[in-house]
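First the structure, in the form of structure tokens, and then the observations on it.
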Amino acid sequence: MNRHEKAKNFKQVNHSVTKIDALQLALGKDSYVADFVPNDALIVKMLWSPHAHARIKKLDVSKAEKMPGVKAVLWYGNVPRIAHCTAGQGFPEPSPYDTFMFDKKVRFVGDRVAAVAAETEEQALAALEVIKVEYELLKPVFTLDEAMAPGAPVIHDEAEAHVPIPIPYEPKKNLVAHVACEAGSFEKGLKEADFTFDQTFETPYAQHCPIEPYTSLAQIAPSGRIHITTSTQVPFHCRRIVAKTLDVPVQKIRVVKPRIGGGFGCKQEVLLDDVTAMFALRTGRACLWQFNREETFRTGRTRHPFRIRLKAGVKKDGTITAIDMEAINNTGAYGGHGLTVVSCAGSKVLPLYHCENIKFDGKSYYTNLPVGGAYRGFGATQAFFAMESLMDQMAEAIGMDPMKFRQINHIREGEGSPIFAALGEGREGTPMTVGSNALAECIVQGAEAIGWEKRRDWRGKTGRYRRGIGMACLMQGSSIPDIDMGAASIKINDDGSFNLLVGATDLGTGSDTVLAQIAAEELETATAKMIVYSSDTDLTPFDVGAYASSTTYLSGEAVRKAAADAKRQILATGAEMLGLPVDQVFCEDSAVRSKDDKHKVTYGDIAKYSLYQKNQYQIMGTASHITKKSPPPFAAHYAEIEVDTWTGFIKVLNYVSTIDCGTAVNPALAEGQTEGGTLNGISYALTEEYLFDEKGRMQNASFADYHIYSMRDRPPLKTILVPSYEETGPFGAKSVSEICINGAAPVFANALYNATGARLREFPLTPEKVLKAIQAVEVKK
Amino acid sequence: MTKTTHTVSFTLNGEKKTFGTRPDEKLLALLRREGYRGTKYGCGQGTCGACTVLLDGRATYACLLYAMQAEGREVRTIESAGTFDNPSVFQKELVAAGAVQCGYCIPGMVMSATALMETEKVLEDEIVKEYMDGNLCRCTGYEKIWVALRKTLDRQAAAPAKKPAAKSKSSAKGGKK
């Protein structure tokens with residue numbers, strides 16, 4: 001029996017149980033932050049910097065303070081000046097403390113200048129109009145080359161900017177982070193190669209575009225504590241960061257995450273809550289701040305643009321002898337995720353293929369553009385575009401089918417990579433061998449679904465419309481090993497139902513349901529018996545939050561352990577009620593049964609007995625989980641496209657997204673994750689980008705001008721879950737959410753080449769770029 | 001709180017209502033402050049569809065419409081579509097298909113689909129996409145929403161002719177389901 005055959009015997013896990021909040025959301029019941037706003041809440045509005053780089057010479061808010069309805073104005077003159085980091089990460093963060101609630105300097109178009117809280121939105125906006133600001137314009141930095149140039153304007157020249165842990169950080173050079181490692185000898189490996197490559201790739205800005213914009217509501221509870229309800233992926237980090245920024249004790253703050261309208265990483269950031277909390281403290285009133293869509297684009301977090309130089313060598317037999325990746329990201333005006341995103345460009349990509357000589361050099365630079373943050377895929381998205389584009393070129397150089405080239409080179413079960421040990425997040429990584437790995441099967445099933453055998457060399461293709469097939473292989477991780485922690489507690493109620501309390505943050509993924517299934521499986525009961533509550537810093541145990549593909553794998557194992565703890569107590573009480581030794585009873589179908597199967601007591605009976613009748617106590621389990629491993633999910637993506645060689649338009653005929661996520665705890669939700677992430681990747685690869693004017697202002701801050709795919713744009717998409725069994729995960733599970741977004745850009749670049757011979761090393765693959773590239777090929781012919 | 005200077009009267013989910021408002025207030029803002037919070041704010045630019053309501057049976061962005069433009073007309077919101085005990089067929093199919101991830105776009109999707117089902121007789125894929133094109137979702141890739149919608153439509157098409165006729169009749173009266 002294959003190990004993953006085990007999963008077929010599960011009763012709750014590996015079943016497409018109905019998502020527990022689905023009907024509530026489909027009915028439109030109050031669920032999200034903005035649904036809980038009292039009618040008398042003050043409305044917060046921010047005056048944003050119109051300049052990319054400037055010093056505020058004079059700021060006069062006196063008129064605004066006297067405007068009708070205005071209850072408070074915040075600006076650098078009346079708030080604490082405390083350097084902090086807005087990125088929701090472990091503590092201390094591997095990121096610079098380079099942000100202040102308000103500062104005398106603005107560093108990008110969309111940076112904070114001053115905020116108003118007023119009775120109505122109109123009054124708040126009117127007050128912003130009368131705030132007087134005099135700026136001293138500074139020379140802006142818009143490109144990586146400008147940022148790196150000797151004598152470049154220093155974006156963070158404030159004395160307080162520092163990193164809380166010993167990692168390279170040189171703000172005087174605009175350098176946010178630098179991480180490097182080498183395994184074997186790249187130079188030696190390159191000499192052994194029959195063919196060598198040296199290419200540079202560029203990837204664009206993008207925004208997550210959750211349909212619910214960032215929203216934060218702060219109120220003062222009758223106890224005097226600050227109660228923040230916010231659209232966050234990281235409630236516990238939010239509490240810690242707000243406490244630091246406002247200089248109030250953590251104890252004084254409660255953060256509640258209700259249902260979240262999507263995040264994809266952008267809500268792993270504390271961008272609003274310090275302001276709403278400060279206004280609540282100043283006014284004693286409920287204060288609501290919701291970004292509009294333009295603000296979400298300009299000031300919200302983005303995907304870091306990357307420049308990646310990839311050098312590699314390959315032998316005629318298909319051995320990859322050397323890889324050198326130089327990855328530089330533009331982290332924009334603040335450095336929150338600069339280091340970790342560039343580290344993941346190496347750590348989540350380079351282990352995928354066998355190579356004894358690997359070198360990685362990652363850097364992150366400030367510019368005066370919008371701020372990079374966590375975005376599903378987290379650096380791997382950008383680096384896989386380079387890596388998988390080069391894989392096709394190496395295969396072509398040695399005359400090998402690109403699928404076969406990947407098949408002979410990809411990492412296998414039981415194998416490690418020096419990169420796992422060398423590259424962590426702000427420190428060395430954790431050595432690891434790959435446990436579950438069904439990539440080989442993903443490649444085969446995907447190839448069959450797309451019809452790989454009909455793929456032909458581009459040189460034989462003629463006519464206006466030319467078809468091409470491309471592929472890419474992918475991996476990611478499951479949580480940050482040895483850093484991330486998730487915890488859960490579970491208690492029984494009178495009727496045998498359970499409260500499952502988790503800090504893990506369902507932001508629309510369905511993780512509450514997945515965690516309920518895991519608890520129910522362990523407890524031998526039904527998922528419907530679980531009442532899940534996530535997340536509330538007063539009531540639920542700690543969890544780092546929803547990021548790094550950690551919830552199912554890490555928080556899921558915490559839930560399983562907590563459920564096992566409760567199960568031990570249930571068994572003990574059940575045995576006591578049956579008058580049997582504990583080793584003579586077992587749990588099945590919500591009851592404790594005698595081994596001879598003649599007697600049973602239900603969980604409801606056990607709960608009532610233990611709560612009301614004899615030797616009373618609360619049956620309650622609690623557990624935490626950390627891990628030394630971050631088992632990668634694997635995926636192979638394929639697409640067939642049709643290129644209009646007259647216009648450069650790419651039509652996606654078919655897209656196949658395979659994934660090995662271990663046991664799919666909830667196959668329908670795992671498919672949903674894969675489908676959503678894949679389409680987001682497709683949209684990113686073909687249309688999404690930030691367009692800036694010469695002053696660094698984003699020109700397309702709306703869904704009208706920044707197109708994300710609609711139902712009509714959706715190409716035929718086939719998702720294939722390929723099972724494996726990850727021994728270290730809850731019931732064999734590893735992660736599913738991020739990996740699927742990484743495929744489309746390299747798949748389309750490879751398919752475009754296969755259709756036309758045009759190789760693009762940047763995207764989105766807009767008709768303009770594609771047409772130019774095709775024309776260049778025609779000229780060469 | 002918005003100080004009101006005018007009133008507006010319209011039929012909301014089948015009931016005649018009068019609300020205080022101001023000429024510059026959008027219908028979305030009025031609905032939400034009056035407790036009809038199933039209608040969501042997503043962009044305020046008439047591009048994402050999270051605020052979709054039915055205005056005289058047509059799918060309309062409530063974030064662009066001034067409240068006073070609803071005067072004398074018939075407005076339906078997600079609150080009219082279904083309840084826990086009696087969800088609409090499409091709502092049931094969405095739940096069954098696993099199509100509700102973050103769920104923020106779903107009420108708007110339900111309203112656009114309602115307009116589609118009440119208006120069109122021929123429910124070919126291209127027409128369906130035309131109706132649904134104004135509702136963006138970033139979570140699902142639309143796959144499972146599509147599956148749920150197609151099932152709902154196919155079921156409606158297969159149902160005896162009486163039912164849809166009765167439905168459109170009641171909607172003409174005020175949209176009570």
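The values are calculated or read from the model by the stated rules, or taken from the named source; none is laboratory data. What you see is a predicted model; the values in this text were computed from it and never measured. No Cβ is skipped: glycine too gets one built from the backbone with ideal geometry, and neighbour counts run over all protein chains shown.
When B:LEU123 is tested against (1) within 10 Å of chain A (Cβ to nearest Cβ); (2) assigned to a loop (DSSP other than H, G, I, E, B); (3) touching a helix residue (DSSP H, G or I) at 6+ places or on another chain (Cβ under 7 Å), only condition (1) is not met. Elements of the type strands (runs of 3 or more DSSP E) sitting completely within the range A:229-324 and holding at least 3 residues that are aliphatic (A, V, I, L, M), crowded, with 24+ Cβ neighbours inside 10 Å and more than 14 Å from chain B (Cβ to nearest Cβ): these cover A:306-314. Within the range B:92-112, restricting attention to residues that are within 12 Å of the chain's Cα centre (by Cα) and either away from chain A (no Cβ under 13 Å) or over 17 Å from B:GLY141 (Cα atoms) (or both), the residue that is surrounded by the most Cβ atoms within 10 Å (Cβ to Cβ) is B:MET111. Applying the criterion of being in contact (Cβ under 8 Å) with a residue 40 or more places away in the chain and small (Gly, Ala, Ser) to the residues of the range A:684-711, the residue that is farthest from the other protein chains (Cβ to nearest Cβ) is A:GLY696.
Residues satisfying the criterion are present in the range A:649-660 (criterion: under 15 Å from A:THR719 (Cβ atoms) and more than 14 Å from every other protein chain (Cβ to nearest Cβ)).
If you check A:TYR533, A:TYR617, A:TYR553, A:TYR547, which single one turns out to be over 30 Å from A:ILE739 (Cβ atoms) and hydroxyl-bearing (Ser, Thr, Tyr)?
On the way: A:TYR533 fails: over 30 Å from A:ILE739 (Cβ atoms); A:TYR553 fails: over 30 Å from A:ILE739 (Cβ atoms); A:TYR547 fails: over 30 Å from A:ILE739 (Cβ atoms).
So the residue among A:TYR533, A:TYR617, A:TYR553, A:TYR547 that is over 30 Å from A:ILE739 (Cβ atoms) and hydroxyl-bearing (Ser, Thr, Tyr) is A:TYR617.
Pairing each residue of the range B:139-152 that is in contact (Cβ under 8 Å) with a residue 40 or more places away in the chain and more than 22 Å from A:SER737 (Cβ to Cβ) with any residue that is surrounded by 24 or more Cβ atoms within 10 Å (Cβ to Cβ) and not polar (S, T, N, Q), provided the two are 6+ apart or on different chains, yields C-beta distances under 6 Å for B:LEU149/B:ALA113; B:THR152/B:PHE90. Do we have B:LEU30 as crowded, with 17+ Cβ neighbours inside 10 Å, in contact with a helix residue (DSSP H, G or I) (Cβ under 6 Å, 6 or more places away or on another chain), over 25 Å from B:MET117 (Cβ atoms) and free of Cβ contacts under 8 Å to residues at least 40 places away in the same chain here? When the stated conditions are applied, B:LEU30 passes them. I'd like the full set of residues that are closer than 30 Å to A:SER436 by Cα and of a type in the set (Gly, Ala, Ser), limited to the range A:605-634. Within the range A:605-634, A:GLY621, A:ALA623, A:SER624, A:SER630 meet the criteria. Filtering the range A:541-562 to residues that are in contact with a strand residue (DSSP E or B) (Cβ under 6 Å, 6 or more places away or on another chain), buried (at least 24 other Cβ atoms within 10 Å of the Cβ) and outside any helix (DSSP H, G or I) leaves only A:ASP543.
For B:GLY82, the conditions (1) more than 10 Å from chain A (Cβ to nearest Cβ); (2) surrounded by fewer than 21 Cβ atoms within 10 Å (Cβ to Cβ); (3) among the small types (Gly, Ala, Ser) all hold with the exception of (1). Inspection of the range A:80-98 identifies at least one residue that is over 30 Å from B:PHE90 (Cα atoms), touching a residue at least 12 places away in the same chain (Cβ under 8 Å) and more than 29 Å from the chain's Cα centre (by Cα). Filtering the range B:1-38 to residues that are of a type in the set (S, T, N, Q) and out of contact with any Gly (no Cβ under 9 Å at 6 or more places or on another chain) leaves B:THR18, B:THR21. Considering B:LEU64, B:LEU116, the condition of being farther than 18 Å from B:ALA157 by Cα, among the aliphatic types (A, V, I, L, M) and surrounded by fewer than 24 Cβ atoms within 10 Å (Cβ to Cβ) is satisfied by B:LEU64 alone. Tell me, yes or no, whether the range A:727-737 has at least one residue that is closer than 28 Å to A:THR552 by Cβ, within 14 Å of chain B (Cβ to nearest Cβ), surrounded by 24 or more Cβ atoms within 10 Å (Cβ to Cβ) and touching a helix residue (DSSP H, G or I) at 6+ places or on another chain (Cβ under 7 Å). There is at least one residue in the range A:727-737 that is closer than 28 Å to A:THR552 by Cβ, within 14 Å of chain B (Cβ to nearest Cβ), surrounded by 24 or more Cβ atoms within 10 Å (Cβ to Cβ) and touching a helix residue (DSSP H, G or I) at 6+ places or on another chain (Cβ under 7 Å). Here A:ASN666 fulfils each of the conditions (1) of a type in the set (S, T, N, Q); (2) within 25 Å of A:CYS473 (Cα to Cα); (3) surrounded by fewer than 21 Cβ atoms within 10 Å (Cβ to Cβ); (4) facing chain B (nearest Cβ under 10 Å) apart from (3). Tallying residues that are under 19 Å from A:ILE531 (Cα atoms) and either surrounded by fewer than 17 Cβ atoms within 10 Å (Cβ to Cβ) or over 44 Å from the mean Cα position of the chain (by Cα) (or both) within the range A:563-598 yields 2.
Kindly indicate the residue of the range A:712-721 that is assigned to a loop (DSSP other than H, G, I, E, B) and more than 9 Å from chain B (Cβ to nearest Cβ) and also surrounded by the most Cβ atoms within 10 Å (Cβ to Cβ) among those meeting that condition. Only one residue tops the list, namely A:PRO715.
Taking A:ASP644, is it more than 14 Å from chain B (Cβ to nearest Cβ) and within 30 Å of A:LEU137 (Cα to Cα)? Judged against the criteria, A:ASP644 is not a match. Of the residues making up the range A:401-437, those that are part of a helix (DSSP H, G or I) and of a type in the set (D, E, K, R) are A:LYS404, A:ARG406. I'd like the full set of residues that are surrounded by fewer than 19 Cβ atoms within 10 Å (Cβ to Cβ) and more than 14 Å from chain B (Cβ to nearest Cβ), limited to the range A:1-47. The answer is A:MET1, A:ASN2, A:ARG3, A:GLU5, A:LYS6, A:LYS8, A:ASN9, A:PHE10, A:LYS11.
So, B:ARG37, is that one basic (Lys, Arg), within 11 Å of another protein chain (Cβ to nearest Cβ), surrounded by fewer than 20 Cβ atoms within 10 Å (Cβ to Cβ) and within 24 Å of A:LYS257 (Cα to Cα) or not? Break it down stepwise before answering.
Details: basic (Lys, Arg): yes; within 11 Å of another protein chain (Cβ to nearest Cβ): yes; surrounded by fewer than 20 Cβ atoms within 10 Å (Cβ to Cβ): no; within 24 Å of A:LYS257 (Cα to Cα): yes.
The answer is no for B:ARG37.
Go through the range A:373-421 and give me each residue that's modelled with pLDDT under 95 and surrounded by 21 or more Cβ atoms within 10 Å (Cβ to Cβ). Scanning the range A:373-421 gives A:SER417, A:ILE419, A:PHE420.
Consider A:GLY604 carefully, then state whether it is part of a helix (DSSP H, G or I), surrounded by fewer than 22 Cβ atoms within 10 Å (Cβ to Cβ) and not aliphatic (A, V, I, L, M). Give the derivation first.
On the way: part of a helix (DSSP H, G or I): yes; surrounded by fewer than 22 Cβ atoms within 10 Å (Cβ to Cβ): yes; not aliphatic (A, V, I, L, M): yes.
The answer is yes for A:GLY604.
Here A:THR203 fulfils each of the conditions (1) under 19 Å from A:PHE291 (Cβ atoms); (2) more than 14 Å from chain B (Cβ to nearest Cβ); (3) in contact with a helix residue (DSSP H, G or I) (Cβ under 6 Å, 6 or more places away or on another chain); (4) not aliphatic (A, V, I, L, M) apart from (1).
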